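Below is one structure, written out as structure tokens, with a few remarks after it.
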Amino acid sequence: MRIISGKFKGKKIISSKDKATRPLRDLVKESIFNVIKHSNKIKINIEKSVVLDLFSGSGSFGLETISRGAKKCLFVENYSNALEVLNKNIKILKCENNCSVNYLDCFSYIENLQNNEIKSDLIFLDPPYKEKNINVIIEKILEKNILSKNGIILIHRHKKDDVKLTDKLNIIDLRMYGISKIIFAN
């Protein structure tokens, strides 16, 4: 794995060796950032943004945002093997000042936040494909007003995933890349 663009462009980062974590493919990452940059429906600028990376895994998405100028990335991961890789990647890139790592279950993390405690411009929600309770997290994000006014939630699912997302979410765009389905919403 590598960082695709920005100040860390071309730097290699490590991915978890076990099958429990599935890293986001470079092609999918690049496509997501192209949509964010060029869509007239999305009003955020990655530069100076605050990013919340839920189910962070190796951190490849959040670290890509830091490379592209995000001010801060809050990583949330509770799988110890992935957490170890995430912390190594942050050290490899020497971006500790822009990162906050939370060793918590994502459901608990969101539940424990106070209303308006953080404001994220971009929330990346990448739960395991088998996770069917993603609406619980989405509804809590919306209820606790964690998303900034023009912010977006990116949801990564398997293309055959049939979980109906909550009606409280506004779907802006939906893209398919190989086996990945990326939902852009707010």
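Read-outs: derived from the displayed coordinates by stated rules, not from any lab. Since this is a predicted model, take the numbers as computed values, not measurements. Counting neighbours? That spans all protein chains shown, and the Cβs are built from the backbone with ideal geometry, glycine included.
Using the 2.2 N^0.38 Å rule of thumb for compact globular proteins, work out how region 45-137 stacks up: its C-alpha Rg over that value, please.
Normalised by 2.2 N^0.38 Å, the Cα Rg of region 45-137 equals 1.02.
Of the peptides 110-119, 56-65, 125-134, 70-79, how do they stack up when ordered by the mean number of other Cβ atoms within 10 Å, highest first?
On the way: 110-119: 12.7, 56-65: 27.8, 125-134: 15.5, 70-79: 21.5.
Result, highest mean Cβ count within 10 Å first: 56-65, 70-79, 125-134, 110-119.
So which aspartates and glutamates can Lys37 reach, going by Cα to Cα under 20 Å and dropping same-chain residues fewer than 8 places off?
Within reach: Asp26, Glu47, Asp53, Glu64, Asp121, Asp173.
For the chain, what is the mean residue ellipticity at 222 nm derived from helices alone (per DSSP H run of n ≥ 4: -39500 (n - 2.57); sum divided by total residues; nearest 500 deg cm²/dmol)?
-8500 deg cm²/dmol, from helical runs alone.
Using the Kirkwood radius over Cα pairs, work out the Stokes-Einstein diffusion coefficient for the chain at 10 °C and 1.306 mPa s, in µm²/s as a whole number.
Stokes-Einstein gives a translational diffusion coefficient of 97 µm²/s.
Going down the table (Lys29/Lys159; Lys9/Lys29; Lys29/Lys168; Lys7/Lys43), which pairs top 19 Å between alpha carbons?
Lys29/Lys168; Lys7/Lys43
So for the pair Arg2, Glu84, with labels modelled 7 Å out along Cα→Cβ, what separation do we get in nm?
2.7
Provide Rg over Rh for region 95-150; use the alpha carbon set for both Rg and the Kirkwood Rh (inverse mean inverse pair distance). Don't jump to the answer; show the numbers that get you there.
Values: Rg = 12.0 Å, Rh = 12.4 Å.
Taking Rg over the Kirkwood Rh, I get 0.97.
Considering only His156, Pro128, Ala70, whose Cα is most displaced toward the positive end of the charge dipole of the chain, charges sitting on Cβ of Lys, Arg (+1) and Asp, Glu (-1)?
Ala70
What aspartates and glutamates could a cross-link reach from Lys164, if we take a straight Cα to Cα line under 14 Å and drop same-chain neighbours fewer than 8 places away?
Glu131, Glu139
7 Å from Cα along Cα→Cβ at both Lys130 and Lys168: what's the point-to-point distance in nm?
About 2.7 nm, to one decimal.
Between Asn45 and Glu143, what FRET efficiency follows from the Cβ-Cβ distance if R0 is 22 Å, with the result rounded to 0.05?
Working from the Cβ atoms, E equals 0.25.
Give me the mean projected area, in nm² to one decimal, of the convex hull enclosing the Cα positions of region 39-97. Walk me through the numbers before you get to the answer.
Working: hull surface 16.4 nm².
Quarter of the Cα hull surface area: 4.1 nm².
So, by mean Cβ neighbours within 10 angstrom, what's the order for 167-178, 31-42 with the highest one leading?
Listed from highest to lowest mean packing, they are 31-42, 167-178.
Gain in length, Met176 to Asn34, computed as 0.36 nm per residue apart minus the alpha-carbon separation, to one decimal in nm?
Result for the pair: 49.7 nm of gain on full extension.
Taking the Cα atoms of region 80-186 alone, what are Rg (to one decimal) and Dmax (as a whole number) in Å?
14.7, 41
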